[in-house]
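The structure appears below as structure tokens.
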Amino acid sequence: MSTYVVLLGPPGAGKGTQAKILARETGLVHVSSGDLFREHLSQQTELGKLARSYMDRGELVPDEVTIQMIRERLERPDCQAGAILDGFPRTTVQADALEALLQEHHARVDLVPLITAPLEVLVDRLGGRWTCRAQGHVYHEKYNPPRQPGRCDIDGSELYQRDDDRSETVQRRIQVYFEQTAPLIDYYRQRGVLLEVDGTQPIEAVTAILLQAIQAVRTARV
Ligand code: ADP
Ligand code: ADP
């Protein structure tokens, strides 16, 4: 039986941080649309070039190419047991596509934690975020600093500040979240899978709530 978890929440809420920990603890694969786009960017593929023009402005990459990229990722064998989706879906069109895709595999979205935090917290977090070049591990200069400045604790690679974490782009990304992604809150509430989580708690406290919820979903179905 598979388990698909969708992490929902504005930029800076802590989705990527939690997804990496949950993947390690549950054995489910972490699928991050942002990380996949950034891989395309660094390999300078056609998709990477297209995505960059949207990402630099804080806009969403068009649904069609985003859905195609995620479909290919989810159809790889390592996702058959499920996945932790982080940053996808971000529109109702994407959510419908995910539902259809999972249905083909007799699966569904089992749990949608909505991680929230006030605007000023999001802005403060994104402004101090440092990301690992190799695998996208995330740190914060104040709230989650690496042991050695500028180096990832986990794989030793260089940490960098994302271009889209600059303040003008941050404002636009948060606005885009409220306009285009927030409708998914009701979408998943209606399907009975939404779980609201206060993302201002310490990282470990959020993880504990999410792990317990995933465990509950898994045991409810065996
Ligand atoms: P998202 O993927 O939702 O955009 P991230 O997981 O990248 O968010 O987190 C954004 C920033 O906030 C990172 O710098 C991260 O280290 C930090 N962060 C994540 N969760 C917490 C938390 N619970 N408390 C304080 N800082 C956090
Ligand atoms: P964050 O969690 O901090 O908002 P992400 O790494 O998830 O950042 O996303 C970075 C950028 O990648 C977004 O601003 C958007 O341009 C693009 N992107 C990521 N996921 C999607 C998606 N599901 N649909 C459209 N664009 C996306």
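The values are calculated or read from the model by the stated rules, or taken from the named source; none is laboratory data. Just so it is clear, the model here is predicted, and its values are computed rather than measured. Cβ: placed from backbone, ideal geometry, glycine included. Neighbour counts: every protein chain shown.
Every residue, every condition in (1) among the basic types (Lys, Arg); (2) in contact (Cβ under 8 Å) with a residue 12 or more places away in the chain; (3) closer than 14 Å to Val6 by Cβ; (4) in contact with a Cys (Cβ under 6 Å, 6 or more places away or on another chain), yes or no:
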{"site": "Ile174", "(1), (2), (3), (4)": "no, yes, no, no"}
{"site": "Tyr177", "(1), (2), (3), (4)": "no, yes, no, no"}
{"site": "Ile185", "(1), (2), (3), (4)": "no, yes, yes, no"}
{"site": "Arg191", "(1), (2), (3), (4)": "yes, yes, yes, no"}
{"site": "Gly199", "(1), (2), (3), (4)": "no, yes, no, no"}
{"site": "Leu211", "(1), (2), (3), (4)": "no, yes, no, no"}
{"site": "Thr219", "(1), (2), (3), (4)": "no, no, no, no"}
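Here's the yes/no breakdown for (1) at pLDDT below 95; (2) under 17 Å from the mean Cα position of the chain (by Cα); (3) of a type in the set (S, T, N, Q):
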residue: Glu25; (1), (2), (3): no, yes, no
residue: Gly34; (1), (2), (3): no, yes, no
residue: Thr92; (1), (2), (3): no, yes, yes
residue: Ala107; (1), (2), (3): no, no, no
Filter result for the condition that a residue is touching a Gly at 6+ places or on another chain (Cβ under 6 Å), under 28 Å from Leu98 (Cα atoms) and of a type in the set (Ser, Thr, Tyr), over Thr131, Thr169: Thr169
Going through Pro89, Pro77 one at a time, which residue ends up being within 10 Å of ligand 2 (Cβ to nearest atom) and out of contact with any His (no Cβ under 6 Å at 6 or more places or on another chain)? Pro89
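Yes or no: Arg76 surrounded by fewer than 18 Cβ atoms within 10 Å (Cβ to Cβ), within 16 Å of the chain's Cα centre (by Cα) and either on the phi > 0 side of the Ramachandran plot or basic (Lys, Arg) (or both)?
no
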Would you be able to tell me the number of residues in the stretch 73-99 that are closer than 13 Å to Ser33 by Cβ and of a type outside the set (A, V, I, L, M, F, W, C)? 7
Between Thr26, Thr92, which is more than 15 Å from ligand 1 (Cβ to nearest atom), closer than 23 Å to Ala216 by Cβ and polar (S, T, N, Q)? Thr26
Between residues in the stretch 97-126 that are in contact (Cβ under 8 Å) with a residue 60 or more places away in the chain and residues that are charged (D, E, K, R) and assigned to a strand (DSSP E or B), which pairs lie under 9 Å by C-beta distance while being six or more apart or on different chains? Pro113/Glu196; Leu114/Glu196; Ile115/Glu196; Ile115/Asp198; Thr116/Glu196; Thr116/Asp198; Ala117/Asp198
Residue pairs qualifying under the 8 Å Cβ cut-off, at least six apart or on distinct chains, with the first in the stretch 4-32 being more than 22 Å from Asn144 (Cα to Cα) and the second being aromatic (Phe, Trp, Tyr) and part of a helix (DSSP H, G or I), are Val6/Tyr188
